[in-house]
Structures are given as structure tokens and as C-alpha cells.
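The values are calculated or read from the model by the stated rules, or taken from the named source; none is laboratory data. Source: prediction; values computed, not measured. Ideal geometry is used to build each Cβ from the backbone, glycine not excepted, and the neighbour counts take in all protein chains shown. Heads up: the accessible areas ignore ligands, DNA and RNA and are worked out on the full protein's heavy atoms, side chains in. Shrake-Rupley method; radii C 1.70, N 1.55, O 1.52, S 1.80 Å.
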Amino acid sequence: MNAPAPALDPTAWIGRSETTHDRITAAPVRALTATLDHPAVDAPDGTALPPLWHWLYFLPMHRQSEIGPDGHAKRGGFLPPVPLPRRMWAGSQFEFRTPIRVGDAVERTSTIDDVSTKTGRTGTLVFVKVRHEVRCNGAADAALVEFHDIVYREAKQPGDVDPPPLRAPELPQTHPLGGQRPQGAWGRQIVPDDVLLFRYSALTFNGHRIHYDRQYVTQAEGYPGLIVHGPLIATLLMDLLRRELPAADVASFRFKAVRPTFDLNPFSVHGALQPDGRTVRLWAQDHEGWLTMDATATLR
């Protein structure tokens, strides 16, 4: 009898890199504009992409035969072959250095920056950090640097206890200088219906079944409903900032997914401009007031 093949060490993937190319075209900009319920735009060449809209490009073009049971590409290749069934986008950190514009020829170099294993309340967790650098039109310097945090988890087991939820920030009812609305505090309710989740999955060519296959997400992964994409929530947070501060120039942004958001109830996105005038605290909360995403933007 042949001995089983030894398990691959995911840390061996640290330092691996790949480079992909794309062109910033107008159609995805127009499509996400409609999905976020903004008036139609033409997005001619030279139009600057709003922060995080680079996720509409460098899409994962895996062949159908390369797709695994969860709708993602099969394990291995550029990302390490972590043998855990549940995969989630845990958070990201960004530096927005120069604008990326419609019409630009863009290059993205992705590198596995770190792989680590931890033991949590629900078993083994593997964290993979990927560094992305985006350059425009052959420039030597990156226009955008992104760190992408991915977490792999064991299958949900009967009796697993979720970590205790955290309360979303409480905003004062009145501003100290008077007025009924706290200065620099914003909020917007989002209804995560099937159409919104489908359109964002389609725009980002995201085949992960947890976002559109209710039978799979409830039976195979043990969640109560469809999961709202972490990047969609982050995009909605930045979209809230753009709605409230249209002229703001964002220098950096970071977010951490704290708790899954499901399509079963509306959720809300919030922001508060801090006293320094440059820092914006952003967060998402579910219908019960539990914190689901925590984020910070820094303005130039």
C-alpha cells in the first residue's frame, strides 16, 4: 500500500508572486454606479476610480474545470493549498497614492506576504496575507498598495459557539455645540437582497457560493443565510464617505470584518468625522446593533 502524500506546508508559499495586467474600462464603473444606486455616469477616459473600485478589475478568470466545490478556484496555485473548507475575506489595508483612471493600462503584482496558523474557539485557523501593488501606464511607483487578509476555517460543527458580539459605536444624540445631528456623523440603511448580492458577485466575477446559493451556504457551511460580501460592505462604507464628503481625498483605508452579515435583515453603514478633521471612523452594524465591520479612513 502506498503511504499517503505528506501534507504541504502553506508557509512554503510565502514570497510567491504573480503579475497580471488589465485596462481600466468604463463599463464596470457604470455598472457599479447603478448597483450602488447613483445616477448614471458616462465615465470617459481620465475619470478617477473611487477608492476600492479597482476590485472591478484583475478578475479571477479560472476555467470552469478549475472551480472547487465552494465556487472558488481549487486550492493550490498562487494561494497556498490550505486544507480547510471555509474561506472568508477577513480585512484589508490600503494606501491610495495616486489616482487610477479610466483608460489606464494597469499592472498588479501580488505577493504572499505571510501565512500563519492559530487555534481558535472553533478549531484551526489559517491566515494568509497577500500584498497587491497596482501600477498605471508602466510607472515605476505603485498607485495603490493593498494588503488582503484571508482566513481559512474548519467546517462548522454542532455545538460550536460563536464569539460574543460587539456593540456598534454609540453616537451622541446632539452635538456639543447644538443641533440635533452630531456633526460629521452619518448613516444609511442597506437592504441586502438577492439582486444586490448577485450583481456584486457578477461584477467581481466572484463564484463563491456563500453569496448566492442558499442551499449550499446553509447546509454545507452551516450559516443561516446568504453572506453579504465583505468587499461589498467595505465599498458601501467608502461610498457613504463619498456621499457625505464628495471632495474628500482618501489617503488610506483599513477595514476588519468582525461578524458575518446575512441577507435575512437590513443592515446599516455609519461614519463619523473625528475632531482632527482627517480621520473618519466607519463601521457597519446589523439590525440588532451588533458591529459587523470596523474601518478607518484617513484624508489628505
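Out of all the residues in segment 61-71, is one or more open to solvent by 30 Å² or more (accessible area, probe 1.4 Å), under 20 Å from PHE198 (Cα atoms) and part of a helix (DSSP H, G or I)?
Yes; the residues of segment 61-71 include at least one that is open to solvent by 30 Å² or more (accessible area, probe 1.4 Å), under 20 Å from PHE198 (Cα atoms) and part of a helix (DSSP H, G or I).
Checking the structure you have, find out if any residue of segment 107-121 is surrounded by 16 or more Cβ atoms within 10 Å (Cβ to Cβ), in contact with a helix residue (DSSP H, G or I) (Cβ under 9 Å, 6 or more places away or on another chain), in contact (Cβ under 8 Å) with a residue 60 or more places away in the chain and under 22 Å from HIS21 (Cβ atoms).
Yes, some residue in segment 107-121 is surrounded by 16 or more Cβ atoms within 10 Å (Cβ to Cβ), in contact with a helix residue (DSSP H, G or I) (Cβ under 9 Å, 6 or more places away or on another chain), in contact (Cβ under 8 Å) with a residue 60 or more places away in the chain and under 22 Å from HIS21 (Cβ atoms).
Within segment 197-229, take every residue that is over 18 Å from TRP89 (Cβ atoms) and touching a Gly at 6+ places or on another chain (Cβ under 8 Å) and give me the one that is most open to solvent (accessible area, probe 1.4 Å).
Among residues in segment 197-229 that are over 18 Å from TRP89 (Cβ atoms) and touching a Gly at 6+ places or on another chain (Cβ under 8 Å), the one most open to solvent (accessible area, probe 1.4 Å) is ARG214.
Is it the case that PHE78 is open to solvent by less than 50 Å² (accessible area, probe 1.4 Å), modelled with pLDDT of 95 or more and of a type in the set (Phe, Trp, Tyr)?
no
Name the strands (runs of 3 or more DSSP E) wholly inside segment 230-300 in which the number of residues that are farther than 24 Å from ASP37 by Cα and either open to solvent by 10 Å² or more (accessible area, probe 1.4 Å) or not hydroxyl-bearing (Ser, Thr, Tyr) (or both) is 1 or more.
250-257, 279-285, 291-299
When you look at ARG97, is it at pLDDT below 90, open to solvent by 40 Å² or more (accessible area, probe 1.4 Å) and charged (D, E, K, R), yes or no?
Here the answer is no, as ARG97 does not meet what is asked.
Which is touching a residue at least 40 places away in the same chain (Cβ under 8 Å), over 20 Å from the mean Cα position of the chain (by Cα) and surrounded by 11 or more Cβ atoms within 10 Å (Cβ to Cβ), of ALA31, ALA43?
Within the list ALA31, ALA43, the selection yields ALA43.
Being farther than 19 Å from ARG242 by Cα and open to solvent by less than 20 Å² (accessible area, probe 1.4 Å) is the filter here, so list the residues in segment 187-196 that pass it.
Selection gives PRO192 alone.
A quick yes/no check of all residues on (1) over 25 Å from ALA31 (Cβ atoms); (2) in contact with a helix residue (DSSP H, G or I) (Cβ under 9 Å, 6 or more places away or on another chain):
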{"site": "HIS211", "(1), (2)": "no, yes"}
{"site": "GLY222", "(1), (2)": "yes, no"}
{"site": "ILE233", "(1), (2)": "no, no"}
{"site": "VAL250", "(1), (2)": "no, yes"}
{"site": "PRO266", "(1), (2)": "no, no"}
